[in-house]
Amino acid sequence: MAAPMLRWVGRGRRWTFARVDGGSCHRREAPTGSTSNRIRGRSSVAQQPLYTTQKPRKGEHKWAAVVGLEIHAQISSNSKLFSGSQVRFSAPPNSLVSFFDASLPGTLPVLNRRCVEAAVMTGLALNCHINKKSLFDRKHYFYADLPAGYQITQQRLPIAVNGSLTYGVCAGKKQSQVIPKTVRIKQIQLEQDSGKSLHDDLRSQTLIDLNRAEGQLRVDANISVHHPGEPLGVRTEVKNLNSIRFLAKAIDYEIQRQINELENGGEILNETRSFHYQLGCTMSMRDKEGKQDYRFMPEPNLPPLVLYDATSLPAGADPQQVINIDQIRETLPELPSVTRERLVQQYGMLLEHSFTLLNEVGLLEFFQNVMKETRAEPKKVTSWVLNTFLGYLKQQNLAVSESPVTPSALAELLDMLDSRTISSAAAKQVFEELWKREGKTPGQIVSEKQLELMEDRGALEQLCHSMMEAHPQVVMDLKKGNPRAINKLIGLVRKATQSRADPAMIKEILEKKLSS
């Protein structure tokens, strides 16, 4: 109750699709042991894609989908939006409730400064216009977890408007091409959170927890379809989606359901729907034909929220009593789009590699720490971090912070590889040993296992000669013009040296002996 929430409303974005079959709601079996986000022990459904961007078959008509998202995001703060009660995850029910949270008569809201600063920072990060004056409103409706009978929000004049978010979509046969896309942000508003209803089916009762309601993210999706060039279709709203995965599945399903309904001569109702996690489909909750009257009115207990910038800041103003937009702008961290551009420019990496570095928590910092300590080229570091290192993490389902291999250890290993102290095969062997958490450095592992590259050219020449004598058929194939046969000899020599010999040197020696 009264926990800090940001309501982020995105404008509708259009996609064009060809019609495909499907879209019915039916039960399917899920893999054993899978669970949904909300209900433990029940199966979740892997929903198949319900639309295609391929060209429609002859006689078919394209459909365009418009999707608008209303995102409720929890602000990271120590106390609630309008009261001094703490915000603490998994606290005992109703243990963090003030008189205001319980809506006792005579209690008044006090706006949380930290929440306002977070809203401004979010607006700046999303390229919004920050309103220097915004207003609070009451949104009236009755529900058991809203004891006041109204919710404090920003309906008329929110804190930020007209923003945009640029992101990348992977495309191409190997999903290696990144196509930039932009979504418009209509507004960002501060909004009081409701409580949480706990339904006890066994006792046929509902309990109310006024600590706070939601998790860190909740999304309502508004979806409609229409033929390009024609008026927009009737929209439906899918409520209370609590994960990115379920959001994507709900949108996919609802687009296809509407296309199928219209293709079969039906009509789309302006209604509110819910997404059934187990069945993988949306279900009707209530229609919107009779629009609910929230009786919005100005919040009488909160004055207008006034913000300043460097040009409008009053002389001698107390920094604790005002919020300076420009000052908050200066504290913004480097935004992802700027970081990706910097990585491409600074290290010459592919754009898709920059996306991967930012999408895995802690991976960018790991990469940058390796770069600080190694002489190896950025391209080689990128390859090892994204392929070898990240591959091991995913194989064992570990976070970057849980890795047994430190940036310093990987940097030392790459330096040994760069200085040709060890071969690439030996480097992978060393990395595998590092992953075993035995506390040894790459240098110690190389020394103990004698993985250094052979420096005795004479010994290597003798080994190549012996291998050629032991495999005359391979030598014969080479002389007959089969260039791939030399790879077999190289492999045999490397195996005999336990991958300690430089493949380029082996090839040079073999070619010299074959030509003599």
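The values are calculated or read from the model by the stated rules, or taken from the named source; none is laboratory data. Just so it is clear, the model here is predicted, and its values are computed rather than measured. Every residue, glycine as well, gets a Cβ built from its backbone with ideal geometry; the counts of neighbours run over all protein chains shown. These accessible areas exclude ligands, DNA and RNA; they are computed on the full protein's heavy atoms, side chains included. Shrake-Rupley method; radii C 1.70, N 1.55, O 1.52, S 1.80 Å.
Do the alpha carbons of any pairs in Lys428/Lys507; Lys440/Lys507; Lys186/Lys239 sit beyond 23 Å of each other, and which pairs?
Lys440/Lys507
With a probe of 1.4 Å, find how much accessible area segment 70-182 has per residue, and write the answer as a whole number in Å². Provide the component values of the computation, followed by the final result.
Numbers: 5820 Å² over 113 residues.
Value returned for segment 70-182: 52 Å² of accessible area per residue.
Arranged from highest to lowest average of other beta-carbon atoms within 10 Å per residue, in what order do the peptides 81-94, 312-325 appear? If you can, show how the numbers build up before the last one.
Numbers: 81-94: 16.4, 312-325: 11.7.
The densest-packed peptide leads the list: 81-94, 312-325.
How large, in percent, is the carbon and sulfur part of the accessible surface of segment 353-477 at a probe radius of 1.4 Å? Write down the numbers at each step before the final one.
Working: 3060 of 6670 Å².
Accessible surface attributable to carbon and sulfur in segment 353-477 totals 46 percent.
Name the long-range amide H neighbours of Gln151: under 5 Å, sequence gap of 5 or more, or other chain; modelled H, no Pro or chain starts.
Under 5 Å from the amide H of Gln151 lie the amide H atoms of Lys139, His140, Tyr141, each far enough along the sequence or on another chain.
Between segment 65-124 and segment 274-332, how far is it from one alpha carbon centroid to the other, in angstrom?
Answer, in whole Å: 11.
At a temperature of 4 °C and a viscosity of 1.567 mPa s, determine how fast the chain diffuses translationally according to Stokes-Einstein, using the Kirkwood radius over alpha-carbon pairs as Rh; express D in µm²/s, rounded to the nearest whole number. Don't skip to the answer; put the middle values down first.
Working: Rh = 28.3 Å.
The Stokes-Einstein estimate is 46 µm²/s.
Which order do Thr122, Thr382, Thr331 take when ranked by solvent-accessible area (1.4 Å probe, heavy atoms of all protein chains), largest first?
Descending order: Thr331, Thr122, Thr382.
Once fully extended, how much extra length lies between Lys480 and Ile244, figured as 0.36 nm per residue of separation less the alpha-carbon to alpha-carbon distance?
Details: separation 236, 0.36 × 236 = 84.96 nm, distance 5.95 nm.
Contour length minus Cα-Cα distance gives 79.0 nm.
Could you sort Glu263, Glu438 by their accessible area in this structure, using a 1.4 Å probe and putting the largest first?
Details: Glu263 75, Glu438 105 Å².
Accessible-area ranking of Glu263, Glu438, largest first: Glu438, Glu263.
With every protein chain present, what accessible area does Leu217 have (1.4 Å probe, heavy atoms only), rounded to the nearest 10 Å²?
60 Å²
Taking the highest mean first, how do the peptides 299-309, 63-73 order by number of other beta carbon atoms within 10 angstrom per residue?
Values: 299-309: 15.1, 63-73: 19.5.
Result, highest mean Cβ count within 10 Å first: 63-73, 299-309.
Suppose only helical runs count, i.e. DSSP H with n ≥ 4. What mean residue ellipticity at 222 nm does that imply for the chain under -39500 (n - 2.57) per run, divided by all residues and rounded to the nearest 500 deg cm²/dmol? Could you put the intermediate results ahead of the total?
On the way: 15 runs with 161 residues, N = 516.
Computed mean residue ellipticity for the chain: -9500 deg cm²/dmol.
Assuming R0 = 41 Å, can you tell me the calculated FRET efficiency for the pair Lys379 and Glu448, based on Cβ-Cβ distance, to the nearest 0.05?
On the way: r = 30 Å, r/R0 = 0.73.
So, using R0 = 41 Å, E works out to roughly 0.85.
Which cross-chain or sequence-distant (5 or more) residues have an amide H under 5 Å from the amide H of Ile185, H modelled 1.01 Å from N in plane?
For Ile185, whose amide H was placed from the backbone, the distant partners under 5 Å are Arg11, Gly163, Ser164, Leu165.
Using a Förster distance of 35 angstrom, determine the FRET efficiency expected from the C-beta separation of Asn301 and Leu269, and round it to 0.05. Please report the intermediate quantities before stating the final value.
Details: r = 39 Å, r/R0 = 1.10.
Once the sixth-power term is evaluated, E becomes 0.35.
If one computes the Cα centroid of segment 363-393 and of segment 133-171, what distance in Å separates the two points?
Each part's Cα centre sits 41 Å from the other's.
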